[in-house]
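Read through the structure below, which is laid out as structure tokens, and then see the notes.
The values are calculated or read from the model by the stated rules, or taken from the named source; none is laboratory data. In this text, all values refer to a predicted model and were calculated from it rather than measured experimentally. Cβ placement follows ideal geometry from the backbone for every residue including glycine, while neighbour counts extend to all protein chains displayed.
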Amino acid sequence: MTASRDRQFHVQPEGRLTGRVRVPGDKSISHRAVMLGSITEGTTRVRGFLEGEDAMATLAAMRALGVRIDGPTAGELTIHGVGLHGLSEPARPLDLGNSGTSMRLFAGLLAGQPFPTEMRGDASLMRRPMRRVTDPLARMGASIHTTGNGTAPLRIEPVSGLQGLDYDMPVASAQVKSAVLLAGLYARGSTRVTEPAVTRDHTERMLAALGYPVNAADGVVGLQGGGRLNGGTIEVPADISSAAFFLVGASIAPGSELVLEEVGLNPSRTGVIEILRQMGASIEVEPLGDGDGEPVGRLTVRSADLQGIDIPRHLVPLAIDEFPAIFIAAACAHGETILSGAEELRVKESDRIAVMADGLTAMGIEVDTRPDGARIVGGRLRGAQVRAHGDHRVAMAFAMAGLAADGPLEISQCAEVDTSFPGFVAMAAQAGLGITDQDASHE
Ligand code: S3P
């Protein structure tokens with residue numbers, strides 16, 4: 001029998017969140033810092049790097065591609081960039097664990113290299129759709145093989161050169177946009193991506209901060225191949241996607257007042273603040289500047305009476321990773337919350353619509369699901385046993401639900417929390433959540 005890892009969270013009801021926390025570094029920005037830092041000419045220093053499994057998978061892959069990287073030491077990395085053309089063939093397939101961002105962005109970055117690569121991941125990643133990146137990359141001239149279902153392993157064969165592409169993206173996806181732009185660095189001529197809705201723009205911002213000319217306006221991002229990136233310093237803010245659990249927890253637990261320090265407030269990521277405010281949440285934002293192109297601020301959240309809402313569709317891509325937490329807010333709100341236009345949630349680390357609905361139903365909440373969303377009727381949360389299905393954000397969202405439950409909550413399959421939020425249990429306990437965890441792995 002193969003070893004399977006498991007961790008269970010036990011959450012005692014009641015409690016409130018108080019004090020001050022700085023959640024770990026932004027996952028999206030940490031991936032990009034390693035990838036772009038590696039192809040700069042010169043040295044890039046990264047501070048606030050997320051030492052979670054996903055970003056560490058990107059780091060290990062870059063080392064396997066021949067890049068010398070010192071650290072992480074207390075969130076600091078020194079990357080000895082090899083330039084756009086200095087990567088070398090890895091000795092074995094790249095294992096990207098649970099990380100969809102790593103696999104999709106590497107597909108773009110590696111499509112134009114003069115050597116072959118193979119990429120794999122864990123069971124969840126090997127189920128996730130990859131044609132969304134391999135299709136546009138093939139139109140640029142790349143040769144990437146998937147399984148018949150369009151899933152990993154991805155096998156990239158070297159080609160004689162890539163051609164720039166003008167791509168109208170069918171899905172609002174920052175990973176697809178980034179993959180095409182990264183391939184565009186290696187392509188002849190110009191590459192342009194038009195997005196159907198605003199998606200996170202960390203790739204464009206970081207390229208520009210490292211001296212690579214990028215044009216971005218009105219939902220179109222373009223660049224010319226064949227330029228160069230300069231080494232620099234990258235400060236990674238705290239991850240708003242990790243802060244989101246605390247925003248919801250403090251909102252639903254009476255008597256809470258919590259300060260979240262140095263949170264990244266890129267406008268393509270702040271949909272969760274807007275949605276929670278529309279539900280009646282009390283969240284104060286104090287801007288603290290925008291160092292190298294990524295705005296940062298301090299958030300103060302106090303408990304509030306939440307109301308159900310019809311979530312505006314334009315906010316969905318701006319809060320795409322925060323819906324597990326938002327489902328918990330909706331379950332604790334008065335009245336119904338309606339989510340639509342969110343079919344992408346079905347192809348995340350788990351089918352987040354189904355998995356959140358299952359857990360909330362077990363907790364006594366009425367949830368109707370639809371292909372692209374759900375209707376959640378706020379009510380009294382019961383203590384229960386729920387499963388996180390190996391999805392980090394589902395595990396942390398349910399942990400916060402424990403604050404409003406009328407009995408103990410047991411959450412199984414939580415080991416993947418370390419992919420994005422190492423130290424979650426300790427930080428949440430320090431803020432006042434009655435949480436303990438238990439290793440339930442077996443051989
Ligand atoms: C990410 C983009 C989003 C998000 C993911 C991280 C990124 O995915 O859900 O967690 O860093 O580019 P999509 O691009 O698939 O929407």
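Here residue 150 passes the criteria (1) crowded, with 17+ Cβ neighbours inside 10 Å; (2) within 29 Å of residue 92 (Cβ to Cβ); (3) touching a helix residue (DSSP H, G or I) at 6+ places or on another chain (Cβ under 7 Å) except the one numbered (1).
Select the strands (runs of 3 or more DSSP E) contained entirely in the range 16-122, then report the ones holding at least 1 residues which are over 25 Å from residue 269 (Cβ atoms), more than 16 Å from the ligand (Cβ to nearest atom) and out of contact with any strand residue (DSSP E or B) (no Cβ under 9 Å at 6 or more places or on another chain).
Details: elements: 18-21, 40-47, 68-73, 76-82, 117-120.
So the answer is 68-73.
Residue 225 satisfies every condition listed in (1) in the same structural domain as residue 394 (by TED's automatic domain parsing); (2) of a type outside the set (A, V, I, L, M, F, W, C); (3) crowded, with 18+ Cβ neighbours inside 10 Å except (1). When the residues of the range 331-356 are filtered to those that are away from the ligand (no atom under 11 Å from the Cβ) and among the β-branched types (Val, Ile, Thr), the one that is surrounded by the fewest Cβ atoms within 10 Å (Cβ to Cβ) is 338.
Scanning the range 71-89 for residues that are more than 29 Å from residue 226 (Cβ to Cβ) and free of Cβ contacts under 8 Å to residues at least 12 places away in the same chain returns 73, 74.
Within the range 307-330, track down each residue that is closer than 26 Å to residue 409 by Cα, more than 15 Å from the ligand (Cβ to nearest atom) and either in contact with a Gly (Cβ under 7 Å, 6 or more places away or on another chain) or of a type outside the set (A, V, I, L, M, F, W, C) (or both). Selection gives 307, 308, 330.
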